[in-house]
Amino acid sequence: MKARILIRPKQGILDPQGQTVERALPALGFSGISEVSVGRLVELEVDDPAQLEDLCERLLANPLIEDFEIQLPEG
Amino acid sequence: MKARILIRPKQGILDPQGQTVERALPALGFSGISEVSVGRLVELEVDDPAQLEDLCERLLANPLIEDFEIQLPEG
Amino acid sequence: MRIGVVRFPGSCDEADAIAAASAVAEAELLWHGRTDLDGVDAVVVPGGFSYGDYLRPGAIARYSPVMTAVAAFAADGGPVLGICNGFQVLCEAGLLPGALLPNNSLRFICRQVDLTVERTTTPWTAACEAGEQLSIPSKHANGRWYADDQTLAQIEANGQVVFRYAPGQNPNGSLADIAGVCSEQGNVVGLMPHPEHAVDLLTGSADGLKLFASVLEEGSSVPVS
Amino acid sequence: MSQSADQIPGRERAIELALTGAEYDQIVELLGREPNEVELAMYSLLWSEHCAYKHSKKILRRLPTEGERLLLGVGENAGAVEVEGLAVAFKVESHNHPSAVEPFQGAATGVGGILRDVIALGARPVAMLDSLRFGYPSSERSRWLLDRAVAGIGHYGNSIGVPTVGGEIHFDPSYESNCLINAMCVGIADPDRLMRCAATGIGNRVLLIGALTGRDGIGGASVLASTELGDDDADKRPTVQIGDPFAEKKVLEACLELVDADLLVALQDLGAAGLTSSASEMAAQGEVGLDIDVARVPLREADMEPFEIMVSESQERMLAIVEPARVAAVEQICEKWELLCTDIGEVTEGGHMRIFRGEEIVGDIPVTTLVDDCPLYDLQPSPPAEGLYPAPPVELPETADPATTLLALLAGCNIASRRPVFEQYDQIVQARTVRRPDEADAAVLALEASGNRRPAIAMSIDGNGRRVAADPLRGSLDGVLECAANLACVGAEPLGLTNCLNFGNPEKPHVAWQLVNAVEGIAQGCEALAIPVVGGNVSLYNEGPDGPILPTPVIGMVGELPDAERCAGIGFAKEGHAVAVVGPFEPSLVASELAARRGRAPSGSLPQVAAELILAAQQAVRDGVRSGTILSAHDISDGGLAVTLAECCGASGIGCSIELDELTDEALFGEAPGSGFVISGELAAIEAIDGARVIGATGGSSLTISSEDGGFAVDVEELHATRENGLRPYLP
Ligand SMILES: Nc1ncnc2c1ncn2[C@@H]1O[C@H](COP(=O)(O)OP(=O)(O)O)[C@@H](O)[C@H]1O
Ligand SMILES: [Mg+2]
């Protein structure tokens, strides 16, 4: 099945990418946008989704500085 | 409102990040995982989500190499 | 002749570009916030990590006010050279074809490479011989030039490939060993390796000087009609 | 004082914060009352090992700190020496413990931190070097640490436009659970514009420049730096700091612009212990007080407590003292660079550090009690009864023939080319790099980026824990001399050194013994070379469950050379040149690379060659390189003469034929760092060099070494490929 993993900087940890993007927006004519955070998106085919938690902790995310969220197709 | 933007490498473009993850899997004891692709996740607070399409096309994604998908909270 | 070198927050090679340009002409920095080019005759968009390379290299810098002026200057046929991050900025801005992806190795690689000059009818290669090899350092993490098949075929057909990595020396996995390309008109050139770091034998090579000397050659800065 | 009494945290909390009970009592006595939470947090950090040097300050007094060319010495953010009318600033610093937890960010912020020390002098950073130690790369964890630390160093240095021009890496099992990440930065400044850190001028403003303040590294300095890493590392994790080289690049350019415009009274980076340490150091140096209002500090997270703001280790921040009339001009430059610049306080009379939250005083401490009154401890040195370090695994049999042994050494992790590492670093930005890594024993940089490019500086960073383990004093002395030997090979004269003392727990007598003797060895090295220590850093408590790391003093040295066009490289220049050995070289297998490969622990006595003889040889090499008679020079270090010759061949693609008296292990693979060189040049010129012993000639496509009893030959291409590929598998 197809799985999607969202990896984002942990709360309270510096997110220089998000900050820099946010600061660039007004010059591009965008307003009313805030709390920009930039993370990673991993998508994959997996036979046994039970492995994913472990995979994220050990390989895909850096648990010291990132949180992850596993999304599986409904049903 | 909170919006989420998923940015992924266009089909057919070599994705060394995805490949590296795939290659690392067996040594870590994972099996049955394939088609790994690594992209970017942007999350933000936006007053007027109508701007997002434009924001993605102009800044967040490069249409030559990336596809994007905007996710808004349901309802 | 005056050469302007753009400076973004996060530019790193602008001082070296100024020094290289000064070897052949007058050179001055153009702050990213300005909306004109101070009347310079040629523009260099230098290397570095504009805006930290955050999001994608060049993605934010291409929207600097100065880039609007650079685009207009380029449309008028003015000579523009993008080096490394400058190449990325020009691709993001649509002034050059293709895009620059992470190196195949996913690592930053700094090494001296040989470049073959494929096209000499640009304002930045007029002083080179066709097929000549230049020893120039290359240093980047996102230098894998990419375009879709159709664009690539078109670019090859139009002679828009300006530099290729010498056989076996492609450091990043670029398509067709392409190290540098030019615009359809030929006046905008971008390349990943750093000619401004190859202008003194003391520091390894002076081959890069040829690019800067080219822009002085007669006719090279005249708008291509 | 209007502070809430319910905030008195007491003695137990002090002990949780790694102060001793006695230290707490002393704080109470100094203050004449119990400290509140804010004050206790500040004491706990400034009285930590990391900031107060409690266990090393007394012995550091042994280091010579005066020199003719010295412009700025110990006590400032970095030291500086004079070269051709310019100030060359440099310092080395460790980021060991943070890197053991998160190697990418740990190493990156280590680079960021040492850069800020140099920026604080108003100097433009022109070079970085790094000194790294890991367990053997057969361990998965060590490979991961290596890979991520190198990536982190590259990420920060490359992004900020400072070339990484040199460094060293050693692998030894003792570093398995305590890797070492030391980074050295070199900068150039106008001597008349060198910034000091002393806050002066009552009424002057205190400006905080740079990044927002978040909860980064809170407790980091005390929790991470002063205790041994144990199994509960996970608990210390939330203190990981993220480096933002883009922000630092803006800080760098803005600060240099501010210094150039003469707008600053004093400048200081925020490093360990954040605002607390920077502000109190500035106040102490200027013998003034400071009022700081934490309510004005721009925050990344809204709900931070005053003590959190005072001790936050958020990166990419600087503190500046500015005359009130110039504040607007400073703000303008910061705005141009899209940097925050916030007036957070003022310089006061009376020597108190007063912390306000708006109108409310939340802390009030006499500055001297924070900075000067921390108790200093005497070490209890005592040599260990038996060897401290277990024998490493046997990887090479004693019976292997010399050619096999040579190739095994060249492929080994400690000798193989570092190309897979240094290729990840920008070595050339700023257009000064005359000698890149692997081209010469020291990096050579043109002093001027344009104009007269001939005057140059050379730099090297070195350390050899195995030899220091065998004999702390002699090993450390040799470490200093080896660094000077590296400079001699490019024709450079040493001007000063910086050092980082990486050791185990100094409260243990044998570690204390290592430390005291290492400092003595460094001091003797300085005296021999007649150069000062311009600054440095101490990293203690590098111990894991298996014991201490090898004692690892790391020496960073800077020298000058008159003509960058005459700096020899490692590789032979030409076929048909004479090859000679210079120096009182007495090769020994004790603590050598070969001994380690053969599974021998680092112990035994090192050769005790007179320093005068070593220095005379270095002088001869330096003179020969400068005059152009010596066309290649390489000091004989790890792996001994055979490895050195192989490197000279590999770097040039030119072979050589060598005739030795005997082909013993000592003669081929014995080490005596700093004291021997392989040089080449025209025969007559080489023969004329005092003390040079011609051992052969360059030419052909193999390295041939023979004696009366036989010999062996190895193809140069094979030597080169073997050395080039040794580390590749670990950094694919
Ligand atoms: N091993 C050493 N040799 C000489 N000086 C040292 C050594 N260790 C620390 N110092 C000096 O002690 C002072 C305080 O060091 P440190 O706390 O690391 O400074 P900073 O906070 O600026 O990084 C500095 O002036 C430094 O040069
Ligand atoms: Mg400092």
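Any read-out appearing in this document is the output of simple, stated calculations on the displayed coordinates, not a laboratory observation. Note that this is a predicted model, so its numbers are computed, not measured. Cβ atoms come from the backbone with ideal geometry, glycine included; neighbour counts cover every protein chain shown.
Listed values, structure above:
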{"quantity": "Listed pairs B:10/C:139; D:54/D:91; A:10/D:91; A:2/D:249; C:210/D:574; B:2/C:139 exceeding 31 Å between Cα atoms", "calculated": "A:10/D:91; A:2/D:249; B:2/C:139"}
{"quantity": "Whole-Å distance, taken between Cα centres, linking segment C:58-133 and segment D:239-272", "calculated": "31 Å"}
{"quantity": "Calculated FRET efficiency for the pair residue D:682/residue A:54, C-beta based, R₀ 51 Å, to 0.05", "calculated": "0.20"}
{"quantity": "Chain D - mean residue ellipticity at 222 nm from DSSP helices (-39,500 (n - 2.57) per run, n ≥ 4, rounded to 500)", "calculated": "-10000 deg cm²/dmol"}
{"quantity": "Those GluC sites (Glu not before Pro) in segment C:28-129 that DSSP places in a loop and that have at most 14 other beta carbons within 10 Å", "calculated": "C:129"}
{"quantity": "Prolate/oblate/rounded label for segment D:323-384 (Cα gyration tensor, a/c 1.5)", "calculated": "prolate"}
{"quantity": "Cβ-derived FRET efficiency at R0 30 Å, residue D:16 paired with residue D:382, nearest 0.05", "calculated": "0.45"}
{"quantity": "Nearest-0.05 FRET efficiency for residue A:2 and residue C:22, computed from C-beta distance (R0 41 Å)", "calculated": "0.15"}
{"quantity": "Length-normalised contact order of chain D in % [C-alpha pairs under 8 Å, at least 6 apart]", "calculated": "15 percent"}
{"quantity": "Proximal charge balance of residue D:180 [Cβ under 11 Å; K/R count +1, D/E count -1]", "calculated": "-2"}
{"quantity": "Amide hydrogen neighbours beyond the local backbone of residue D:348, cut-off 5 Å, H modeled", "calculated": "D:203, D:289, D:290, D:291"}
{"quantity": "Loop-resident sites, segment A:17-63, for GluC sites (Glu not before Pro), counting at most 15 other Cβ within 10 Å (DSSP)", "calculated": "none"}
{"quantity": "Under the Karplus curve 6.51 cos²θ - 1.76 cosθ + 1.60, θ = phi - 60°, whole-Hz ³J(HN,Hα) for segment D:376-382, x wherever Gly or Pro sits", "calculated": "9, 9, 7, 7, 10, x, 7"}
{"quantity": "Karplus-derived 3J(HN,Hα), 6.51/-1.76/1.60, for each residue of segment D:122-134, Hz, glycine and proline x", "calculated": "x, 9, 7, x, 10, 7, 10, 9, 9, 10, 10, 9, 9"}
{"quantity": "Viscosity 0.890 mPa s, temperature 25 °C, Stokes-Einstein D of the protein assembly as shown from Kirkwood C-alpha radius, µm²/s", "calculated": "81 µm²/s"}
{"quantity": "Counted charge near residue D:166, where neighbours are those whose Cβ lies closer than 11 Å (Asp, Glu -1; Lys, Arg +1)", "calculated": "-3"}
{"quantity": "Axis-nearest residue of A (beta carbon) for the A-onto-B rotation, whole Å", "calculated": "A:41, 2"}
{"quantity": "Between helix D:21-31 and chain D: long-axis angle, C-alpha atoms, 0 to 90°, nearest 10", "calculated": "50 degrees"}
{"quantity": "Expected 222 nm ellipticity per residue - DSSP helices of 4 or more, -39500 (n - 2.57), all of chain B, to 500", "calculated": "-4000 deg cm²/dmol"}
{"quantity": "Where labels lie 7 Å past Cα in the beta-carbon direction, separation of residue B:27 and residue D:574 in nm", "calculated": "4.8 nm"}
{"quantity": "Averaged over D:435-442, number of beta-carbon atoms from partner chains that fall within 10 Å", "calculated": "1"}
{"quantity": "0 to 90° range, to nearest 10: angle between helix D:245-260 axis and chain D longest Cα axis", "calculated": "80 degrees"}
{"quantity": "Neighbourhood charge, 15 Å Cβ-Cβ cut-off, centred on residue C:176 and excluding it, Lys, Arg +1 and Asp, Glu -1", "calculated": "-2"}
{"quantity": "Ratio of Rg to Rh over segment C:2-214 (Cα coordinates, Kirkwood Rh, two decimals)", "calculated": "0.92"}
{"quantity": "Shielding score for D:101-109, defined as the mean number of other chain Cβ atoms within 10 Å", "calculated": "1"}
{"quantity": "Span from the segment D:660-698 Cα centroid across to the segment A:30-75 one, whole angstrom", "calculated": "60 Å"}
{"quantity": "GluC sites (Glu not before Pro) within segment D:673-712: DSSP coil, no more than 13 neighbouring Cβ in 10 Å", "calculated": "D:708"}
{"quantity": "Kirkwood Rh (inverse of mean 1/r, distinct Cα pairs), chain B, angstrom", "calculated": "14.1 Å"}
{"quantity": "Where only C-alpha atoms are counted, convex hull volume of segment D:1-141 per residue in Å³", "calculated": "208 Å³"}
{"quantity": "Degrees, to the nearest 10: D:103-119 long Cα axis against longest axis of chain D", "calculated": "80 degrees"}
